[in-house]
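The values are calculated or read from the model by the stated rules, or taken from the named source; none is laboratory data. Here the structure is a predicted model, which means the values were calculated and not measured. Ideal geometry is used to build each Cβ from the backbone, glycine not excepted, and the neighbour counts take in all protein chains shown.
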Amino acid sequence: MTNLLTSILIGALAGWLADKVFARFSFSLWIQILLGIVGGFVGGWVLGNDLELVLGLPSIVSRVITSFIGALIVLGLAALIKGKKQP
């Protein structure tokens, strides 16, 4: 249960940070959090635990970075979709 809550909080933080990178396509806070959580899973799937092992970072730091990278991927795709719908 604690692991799930930690993952959700890290994903929410990563989504917020990634949304700041995509300021042009600013999403609502709830969408940022949702896409950040999904991004956390995407980042974990893409990078796995490799980041922690390669850089030798503490687990929580590597999880935030991994989630941030995944959130960038997800928010980038969402921004492309959102951008195509605009006239």
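Among the residues of the stretch 49-80, which ones are without any contact (Cβ under 8 Å) to a residue 24 or more places away in the chain and either surrounded by 12 or more Cβ atoms within 10 Å (Cβ to Cβ) or outside any helix (DSSP H, G or I) (or both)?
Residues satisfying the conditions are Asn49, Leu51, Glu52, Gly56, Leu57, Pro58, Val61, Ser62, Ile65, Leu77.
Give the residues of the stretch 47-85 that are of a type in the set (S, T, N, Q) and closer than 16 Å to Leu9 by Cβ, sorted by residue number.
First, pick out the residues of the stretch 47-85 that are of a type in the set (S, T, N, Q): 49, 59, 62, 66-67.
Matches in the stretch 47-85: Ser59, Ser62, Thr66, Ser67.
Residues that are modelled with pLDDT under 75, among the aromatic types (Phe, Trp, Tyr) and either assigned to a helix (DSSP H, G or I) or on the phi > 0 side of the Ramachandran plot (or both): does the stretch 4-22 have at least one?
No, there is no match, as no residue in the stretch 4-22 is modelled with pLDDT under 75, among the aromatic types (Phe, Trp, Tyr) and either assigned to a helix (DSSP H, G or I) or on the phi > 0 side of the Ramachandran plot (or both).
Trp30: at pLDDT 75 or above, closer than 13 Å to Leu9 by Cα and either surrounded by fewer than 18 Cβ atoms within 10 Å (Cβ to Cβ) or among the charged types (D, E, K, R) (or both), yes or no?
On the way: at pLDDT 75 or above: yes; closer than 13 Å to Leu9 by Cα: yes; either surrounded by fewer than 18 Cβ atoms within 10 Å (Cβ to Cβ) or among the charged types (D, E, K, R) (or both): yes.
In short, yes.
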